[in-house]
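Structure record follows, encoded as structure tokens.
Coordinate-derived values only; no laboratory data. Computed from a predicted model, the values in this text were never measured in an experiment. Neighbour counts run over all protein chains shown; Cβ positions are idealised from the backbone, glycine included.
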Amino acid sequence: MVRYPGGSAVKNFNWKATVGPYSMREPNWRWGLMEYLSWCKTINTEPQICLSSYKGTPEDQRDLIEFLNAPAIKKYPWAMKRAKYGHQAPYNVKYIELGNEPYDGNRRAKPGKQWTCDGYIDWALKTIKLIRDVDPKVKIGLPLWSNLHENVDNIKILRQSGSKVAYTIPHTYPLMY
């Protein structure tokens with residue numbers, strides 16, 4: 001399995017800027033979503049898409065699942081765009097991660113953003129519902145928190161949203177900086 005767009009890079013990840021004609025994309029996303037998915041197929045590995053919990057809305061994340069997994073019919077305009085961009089069939093991505101280290105904040109955003117545990121849970125639950133509306137089969141991963149209050153926060157996150165996901169992504173750091 002290979003995760004895209006990676007760890008901390010996902011915080012400012014606007015997936016919509018990574019698809020479409022190569023010449024029209026932002027320079028930071030020239031190796032875009034469709035190139036990544038083609039590469040995963042070439043090397044015979046499962047893609048895991050990491051969603052930005054800071055950039056965009058839960059509706060933008062639903063649009064991504066539509067682009068990845070929905071049939072190219074009028075009901076799904078982002079799937080129609082996928083077909084227009086040269087990939088008629090759904091990619092059938094199985095694994096989606098709900099952000100990366102959401103407790104860490106997004107210091108590069110202007111203004112900077114920082115989730116509270118409750119704010120992240122609210123975002124995650126809304127996003128999960130919208131994803132499931134498009135593709136109920138996708139496996140959703142939930143990152144757990146690694147901070148001073150991680151046990152309390154992780155218990156809260158798991159109690160409120162754990163039953164709605166297939167797996168968790170613990171971030172462990174044996175050495176603190």
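The table for this structure:
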quantity	calculated
Subset tally (residues that are within 18 Å of the chain's Cα centre (by Cα) and not β-branched (Val, Ile, Thr)) for region 42-85	25
Search result, residues across region 33-48 that are among the polar types (S, T, N, Q) and more than 16 Å from Gly6 (Cβ to Cβ)	Ser38, Thr42, Asn44
Some residue of region 110-118 being in contact (Cβ under 8 Å) with a residue 40 or more places away in the chain, basic (Lys, Arg) and in a loop (DSSP other than H, G, I, E, B)	no
Check on Ala79, over 30 Å from Gln114 (Cβ atoms) and in contact (Cβ under 8 Å) with a residue 24 or more places away in the chain	no
